[in-house]
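Peer 1: Here you go, one structure.
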Amino acid sequence: MSRNPRTLVALPYSPWSNKAQWALDVAGLDYAAETYLPMLGEPGLRRRIARSGAKVHKATVPVLFEAGRPALTDSFAIASRAAELAPDAQLMPAEHLDAIKRWNQRSEDALCALRGVMMAAVAADRGALLETLPPPLRLPLLGGLVARSGVAFFRRKYELTAAVAEHRAVLRQTLDDVRTALDGGEHLLGQPTYADLAMAVVLHVVPPAQMVLGPASRAVWHQADFAERYADLVAWRDRLIERRPPQWHRFGP
């Protein structure tokens, strides 16, 4: 158990985890990083959340544990806590809070669509399937069975029933709206805020170099048509990473 009073449990390839961690990093907060094991780690995570005094709904990451406080189990709640602890970071300035909440909801909707696209792509690629598992389980037969069980588990858990074409349409509309809102500028609200981080992770449809992914997963995640259509937004995302870099390497695959 880490002696750090603050621990973030996250997945290295989850954009929800990424935007929570990115907010903590922008705020300059110290925390222990703990990589979550999907499916197999859920019972233990549920118990930890309950012991912290928080209500347990779906045991999903990211989760922020702080000594003496109920766990935070939502990216926006974690980012809000970061903004509270480091007001000088200007993650959520009061005059922009309503707009930030609206952009965060757009982020949530788009990330659900992104999850649908990526789960379908990963399920069709044996190498990417194996990379969803810890290295000791990446055996050709057993690993493939466990990984496919994991995909089925995620589809049930998150009710991924819409067609991939519908998910892709949601992503295109969202990114078109981001482009319109930026209007050639660098920030959605005229200054750096959490809104930028929340929408930048939607562009994981073209993974950033700093994102922790195995080679097969990176190839599957990279959607060439999105890379071409939104090259300007990908460049915007990458500039944002350069200016306010997340420490995604803290979590291993």
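Peer 1: Quick check: at a probe of 1.4 Å, how many percent of the accessible area of the chain sits on carbon and sulfur atoms? Don't skip to the end; give the middle numbers.
Peer 2: Values: 6510 of 11670 Å².
For the chain, the apolar C and S fraction of the accessible surface comes to 56 percent.
Peer 1: Counting only helical runs of four or more DSSP H residues, what would the 222 nm mean residue ellipticity of the chain come to if each run contributes -39,500 (n - 2.57) and the total is spread over all its residues? Spell out each step's value before the answer.
Peer 2: Values: 11 runs with 136 residues, N = 253.
Mean residue ellipticity, 222 nm, calculated: -17000 deg cm²/dmol.
Peer 1: Which residue, chosen from Ala200, Val26, Leu37, occupies the Cα position most advanced towards the positive end of the dipole of the chain, where the dipole is computed from +1 (Lys, Arg) and -1 (Asp, Glu) charges on Cβ about the Cα centre?
Peer 2: Projecting each Cα onto the dipole axis, the largest value belongs to Leu37.
Peer 1: So what does the Cα-only Debye profile of the range 171-220 read at q = 0.18, 0.21, 0.29 Å⁻¹, as log10 I(q)/I(0), no solvent term?
Peer 2: Here log10 of I(q) over I(0) equals -0.65, -0.80, -1.11.
Peer 1: Stick to the Cα atoms of the chain, pair each with every other, and give me the Kirkwood hydrodynamic radius in Å at one decimal. Intermediate values should be presented prior to the final figure.
Peer 2: Details: mean 1/r = 0.0535 Å⁻¹.
Mean inverse Cα-Cα distance, inverted, gives 18.7 Å.
Peer 1: Let me ask you something else. Given C-alpha coordinates of the range 208-253, what is the ratio Rg to Rh with the Kirkwood estimate of Rh? Don't skip to the answer; put the middle values down first.
Peer 2: Numbers: Rg = 11.7 Å, Rh = 11.8 Å.
Using Cα coordinates only, the ratio equals 1.00.
Peer 1: Next up: Mind checking which aspartates and glutamates have their C-alpha under 16 Å from Lys101, skipping anything on the same chain fewer than 8 residues away?
Peer 2: Answer for Lys101, where 16 Å is the Cα cut-off: Asp74, Glu84, Asp109, Asp177, Asp196, listed by chain and number.
Peer 1: What number does the range 1-116 give for Rg over Rh if you use C-alpha atoms and the Kirkwood radius? Don't skip to the answer; put the middle values down first.
Peer 2: Values: Rg = 14.0 Å, Rh = 14.7 Å.
With Rh from the inverse mean 1/r over Cα pairs, Rg/Rh is 0.96.
The values are calculated or read from the model by the stated rules, or taken from the named source; none is laboratory data. Keep in mind the model is a prediction, meaning the values are calculated, not measured. With ideal geometry, Cβ positions are generated from the backbone for all residues, glycine too; neighbour counts draw on all protein chains shown. Please note that ligands, DNA and RNA were not included when accessible areas were found on the heavy atoms of the full protein model with its side chains. Shrake-Rupley method; radii C 1.70, N 1.55, O 1.52, S 1.80 Å.
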